[in-house]
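The values are calculated or read from the model by the stated rules, or taken from the named source; none is laboratory data. All values derive from a computational prediction rather than experimental measurement. Note that each Cβ is placed from the backbone with ideal geometry, even for glycine, and that neighbours are counted across all protein chains shown. Just the protein is used for accessible areas: all its heavy atoms, side chains included, with ligands, DNA and RNA removed. Shrake-Rupley method; radii C 1.70, N 1.55, O 1.52, S 1.80 Å.
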Amino acid sequence: MPTYRAVQVTEAGGALELVERELVEPGRNEVRVTVQACGVCHSDTVTTLGIMPIAFPRVPGHEIAGVVDAVGEGVDDFAPGDRVGVGWFGGSCLRCDPCRRGDFIECENLKIAGVSYDGGYAESVVVPVDALARIPADLDAVDAAPLLCAGITTFNALRHSDAGPGDVVAILGIGGLGHLGVQYAARMGFHTVAIARGADKQALAQELGAHVYLDSTAQDVAAELRKLGGARVVLATVTHAPTMSAVIDGLGPRGQLVVVGVDAEPIQVGPMQLVTGSRQVLGHASGTSKDSEDTLRFSDLAGVAPRIETFALEDAAAGYERMMSGDARFRVVLTTGK
């Protein structure tokens, strides 16, 4: 029986371990993918720490880029050799109320690669066909992988916001999400403001396309945004609620604080802040496999690329620790050599 290598966790809080597994045949409406690259995301802690109900052992990973290897019964729109990716959206039930309304990312039974089933820290993965996004021919798998989570999260939130070309759009935080958000905002034609802690990130922000840089440790960010006429949108990629709260007064009339970073603390906002100027604070989920496909195509056309560090699959534990340390600039990607 053919085998493949995978990196699994056997219990909540357990170590990542490299194992050999027997190759699995795809079932009905499933596709087997040979993994070429898989991003390491902070959300992988859902698996490694057992934050959600998980059947262990489990292989983490939901930023998967590879090639179709085999298709199951009922699959006629993908074939072996097709380049595909899988993101946080790992399939939907098609039966719940959100699915019946076409809102698949809000599926009440949402499947997630690396959580609901084994993910991409492996040389092979079997996924539902509706989880697949096509990868453009000239987009490298290593670059595509982080775009399937960090990319779609920022791209989709910006394109569904109320901002139009020329509007002031601020990206709060220049990390794994934010460094992509700045690129998307600039290439969508927004007057792009990058906000981060310290002056040391200014050169990078401008290199990524920001027209204005604000140092939150030295400037009153809300006041500076008001000098620009107020932000139509602030995309909050940070994971610190007080930092989000501090920018609300920098929103212009009908401005939106769009939250994609997650913190356990609440965002503090007073009713007067919202009523004055008709401001909004809202969250945005990542998106479906089709949204991932749109993200990949736009990134390819517009030249948006993640800043990455690569680790071989057998060094997944080191790559995971690098991501968790916060020292990685800005995404960690595992490669299989396939």
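Here are a few things to note about the model shown:
- Members of segment 81-102 found to be within 21 Å of G151 (Cβ to Cβ), part of a loop (DSSP other than H, G, I, E, B) and open to solvent by 30 Å² or more (accessible area, probe 1.4 Å), listed by number: D82, W88
- Test: residue in segment 148-169 that is over 18 Å from T288 (Cα atoms), in contact (Cβ under 8 Å) with a residue 12 or more places away in the chain, open to solvent by less than 10 Å² (accessible area, probe 1.4 Å) and in contact with a Phe, Trp or Tyr (Cβ under 7 Å, 6 or more places away or on another chain): yes
- All positions within segment 177-196 that are open to solvent by 20 Å² or more (accessible area, probe 1.4 Å) and within 22 Å of the chain's Cα centre (by Cα): L177, A186, R187, M188, G189
- Residues satisfying the stated conditions in segment 202-215, i.e. touching a helix residue (DSSP H, G or I) at 6+ places or on another chain (Cβ under 7 Å) and of a type outside the set (D, E, K, R): A205, L208, G209, A210, Y213, L214
- Against the test of being more than 26 Å from A144 (Cβ to Cβ), among the β-branched types (V, I, T) and touching a residue at least 24 places away in the same chain (Cβ under 8 Å), the options T48, T10 yield a single qualifying residue, T10.
- Test: residue in segment 115-138 that is modelled with pLDDT under 95, farther than 28 Å from E309 by Cα, out of contact with any strand residue (DSSP E or B) (no Cβ under 9 Å at 6 or more places or on another chain) and of a type outside the set (A, V, I, L, M): no
- Of the criteria (1) over 15 Å from A316 (Cα atoms); (2) open to solvent by 10 Å² or more (accessible area, probe 1.4 Å); (3) touching a strand residue (DSSP E or B) at 6+ places or on another chain (Cβ under 8 Å); (4) aliphatic (A, V, I, L, M), which one V46 fails: (3)
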